[in-house]
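Notes for the one structure printed next.
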Amino acid sequence: MSASLTDFATADLRTLSAALAARQVSSAELTRAALDRIAAHADLGAFLHVDAEGALQAAQAADAARAAGDTRPLLGVPLAHKDVFVTRTLPATAGSRMLAGYVSPFDATVVARLGSGADDFAGAGMVTVGKTNMDEFAMGSANENSAYGPVRNPWDLAAIPGGSSGGSAAAVAARLVPAATGTDTGGSIRQPAAMCGITGIKPTYGLCSRYGMIAFASSLDQAGPMAQTAWDCAALLTAMTGFDPRDATSVQRAVPDYVAALDQPLPGATAAQPLKGLRIGLPREYFGTGLAADVESAVRDALKTIESLGATLVDVSLPLTELSIPAYYIIAPAEASSNLSRFDAVRFGHRTAQYKALAEMYGKSRAEGFGPEVKRRIMIGAYVLSHGYYDAYYLQAQKIRRLIADDFARAFTQCDVIAGPVSPTVAWNRGDKADPLANYLADIYTLSASLAGLPGMSVPAGFGTGANARRPVGLQLIGPHFAEERLLQVAHQFQQVSDWHRRSPF
């Protein structure tokens with residue numbers, strides 16, 4: 001590998017797009033480099049499936065298309081997909097033994113939009129190199145729940161990468177691929193992005209199609225991009241979004257050019273202060289007891305930088321933040337218990353080898369196929385939906401969900417963007433939070449935006465201190481519905497004057 005190719009192999013999406021357009025490097029070269037890096041860092045556990053042959057064929061096709069005049073900006077750039085998206089050429093297991101070896105007859109819409117496209121829309125032409133590891137059925141905050149082994153944080157192999165999109169986050173942070181897809185139900189893009197030091201955005205609910213995404217909690221699940229920079233996420237989001245008639249929750253809305261929006265000046269902005277006039281709300285509930293000192297320090301420093309760019313910091317309140325945990329952990333398991341009922345060993349899923357009756361087949365197959373956390377959430381969900389408990393638990397949680405959304409609506413009358421930490425702490429060591437409740441509490445700052453269906457993103461903002469000096473910290477940005485352009489603008493301007501997103505673990 002030449003020195004220049006070594007540089008390109010770890011470059012961001014924007015650099016690779018320009019290099020491919022200028023014929024400074026080929027898709028085949030980039031894809032081989034990505035495959036080599038994936039093999040060299042197999043100890044991270046970031047990938048569950050790698051398709052070297054298929055990826056190289058797609059790369060060669062991309063090079064031929066560029067030679068013929070195709071100018072799609074992402075054409076030929078390597079990409080990885082979270083294993084929750086079904087694919088025609090690779091298994092889709094959702095990190096579970098229940099779906100071991102399953103290959104879909106179709107591609108998820110997100111996969112098709114970023115790849116070769118479909119009958120009713122053209123794809124971006126990116127090259128899928130493989131599928132990334134994840135918490136089983138996207139249930140977890142640490143990526144320790146995968147049936148195929150944990151993912152390790154490339155910054156510190158003893159640490160968790162965050163979950164459930166930890167495989168995607170680790171792959172991008174380690175520069176195995178320049179970009180990856182993730183899904184966010186209660187923080188599963190933002191939290192691993194923060195803990196691995198990359199940029200990730202959860203769009204407004206309904207903006208990206210859920211067709212072909214293996215469901216966890218249908219009213220919360222949302223696909224989103226994970227990459228090095230805000231520019232990269234903007235380019236990916238532009239390619240990923242669009243109305244999909246096959247998804248009943250898909251929003252009929254024109255797709256903005258998120259990349260072009262990055263450089264659109266805000267009203268009152270100047271060259272020296274590109275964020276002048278923007279109001280950044282700081283919820284007092286995000287900066288109280290439970291927030292680690294090193295995380296708060298990094299977030300406060302990032303906010304000072306944003307303030308120096310012209311933004312005004314204002315205090316706001318989201319008083320029901322602490323209720324987001326009980327509300328989420330009633331609603332999400334309830335939907336999970338319903339969604340996962342389809343895996344009955346008849347229509348879908350693992351079937352036990354020995355059984356004497358149908359009921360025994362159901363019981364043994366599901367007991368063998370599902371892991372402990374999935375079983376726990378199925379049981380919680382079945383309980384809260386059962387006769388006599390629906391009104392007491394599930395209905396009350398839905399009412400709290402509405403009130404949480406109202407909290408945000410009031411806050412956005414005082415500010416344009418809400419900012420704060422993504423997680424109360426940096427990444428912890430694997431096994432340190434064996435108690436499920438301890439893991440649930442790590443989602444305190446991300447759950448409420450998911451319950452309200454709002455867009456949120458994580459931007460690299462520094463590192464911990466002392467023993468945590470190699471563990472990244474993320475700054476969370478939350479906006480009103482369909483304010484992705486605004487969030488990306490703030491993140492982009494911050495990244496013009498900071499270099500946290502440029503740092504890599506190797």
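The values are calculated or read from the model by the stated rules, or taken from the named source; none is laboratory data. Everything numeric here is computed off the predicted structure, so don't read it as measured data. Don't worry about glycine lacking a Cβ; one is built from the backbone with ideal geometry, like all the others, and counts go over all protein chains shown. For the accessible areas, the whole protein counts, side chains as well, though only heavy atoms, and no ligand, DNA or RNA atoms are used. Shrake-Rupley method; radii C 1.70, N 1.55, O 1.52, S 1.80 Å.
Within region 170-198, restricting attention to residues that are small (Gly, Ala, Ser) and farther than 16 Å from GLN476 by Cα, the residue that is surrounded by the most Cβ atoms within 10 Å (Cβ to Cβ) is ALA171.
PHE482: open to solvent by less than 50 Å² (accessible area, probe 1.4 Å) and either under 13 Å from GLN191 (Cβ atoms) or out of contact with any His (no Cβ under 9 Å at 6 or more places or on another chain) (or both), yes or no? No: the conditions fail for PHE482. Within region 254-265, is there a residue that is polar (S, T, N, Q) and not in a loop (DSSP other than H, G, I, E, B)? Checked against the condition, which is being polar (S, T, N, Q) and not in a loop (DSSP other than H, G, I, E, B), region 254-265 yields no hits at all.
State yes or no: is THR305 within 27 Å of PRO225 (Cα to Cα), polar (S, T, N, Q) and without any contact (Cβ under 8 Å) to a residue 60 or more places away in the chain? When the stated conditions are applied, THR305 does not pass them. Of the residues making up region 288-317, those that are surrounded by 17 or more Cβ atoms within 10 Å (Cβ to Cβ), within 26 Å of the chain's Cα centre (by Cα) and closer than 26 Å to ALA409 by Cβ number 5. Take the conditions (1) under 25 Å from ALA469 (Cα atoms); (2) open to solvent by 10 Å² or more (accessible area, probe 1.4 Å); (3) of a type in the set (A, V, I, L, M); ILE214 misses just one of them, which is (1).
The single condition among (1) open to solvent by 10 Å² or more (accessible area, probe 1.4 Å); (2) more than 16 Å from LEU16 (Cβ to Cβ); (3) assigned to a strand (DSSP E or B) that THR128 does not satisfy is (2). Of all residues in region 252-262, which are open to solvent by 90 Å² or more (accessible area, probe 1.4 Å) and free of Cβ contacts under 8 Å to residues at least 60 places away in the same chain? GLN252, the sole residue that qualifies. The single condition among (1) touching a Leu at 6+ places or on another chain (Cβ under 9 Å); (2) over 22 Å from MET226 (Cα atoms); (3) surrounded by fewer than 20 Cβ atoms within 10 Å (Cβ to Cβ) that ARG23 does not satisfy is (1). Among the residues of region 290-305, those identified as among the hydrophobic types (A, V, I, L, M, F, W, C) and within 24 Å of GLN496 (Cβ to Cβ) are VAL295, ALA298, VAL299, ALA302, LEU303. The condition of being outside any helix (DSSP H, G or I), closer than 18 Å to ALA261 by Cβ and open to solvent by less than 40 Å² (accessible area, probe 1.4 Å) holds for only one of LEU477, LEU488, that being LEU477.
Would you confirm whether any residue within region 83-96 is in a helix (DSSP H, G or I), at pLDDT 95 or above and either open to solvent by less than 50 Å² (accessible area, probe 1.4 Å) or touching a Phe, Trp or Tyr at 6+ places or on another chain (Cβ under 9 Å) (or both)? Checking region 83-96: not a single residue is in a helix (DSSP H, G or I), at pLDDT 95 or above and either open to solvent by less than 50 Å² (accessible area, probe 1.4 Å) or touching a Phe, Trp or Tyr at 6+ places or on another chain (Cβ under 9 Å) (or both). Once region 40-67 is narrowed to residues that are open to solvent by 50 Å² or more (accessible area, probe 1.4 Å) and under 26 Å from the mean Cα position of the chain (by Cα), the residue that is nearest to TRP155 (Cα to Cα) is ASP43.
Restricting to region 188-209, what's the tally of residues that are in a loop (DSSP other than H, G, I, E, B) and in contact with a Lys or Arg (Cβ under 8 Å, 6 or more places away or on another chain)? So the count comes out to 4. Among residues of region 318-362 being part of a helix (DSSP H, G or I) and among the charged types (D, E, K, R), the one that is surrounded by the most Cβ atoms within 10 Å (Cβ to Cβ) is GLU335.
One line per residue, one yes/no per condition, for (1) assigned to a loop (DSSP other than H, G, I, E, B); (2) over 20 Å from the mean Cα position of the chain (by Cα):
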| residue | (1), (2) |
| --- | --- |
| PRO73 | yes, yes |
| ALA80 | no, no |
| SER116 | yes, yes |
| MET134 | yes, no |
| GLU144 | yes, no |
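Listed conditions (1) over 26 Å from ARG14 (Cα atoms); (2) of a type in the set (A, V, I, L, M); (3) crowded, with 22+ Cβ neighbours inside 10 Å are all met by VAL111, apart from (1).
Taking region 146-181 as the range and being within 11 Å of the chain's Cα centre (by Cα) and either on the phi > 0 side of the Ramachandran plot or of a type in the set (Lys, Arg) (or both) as the test, only GLY162 passes.
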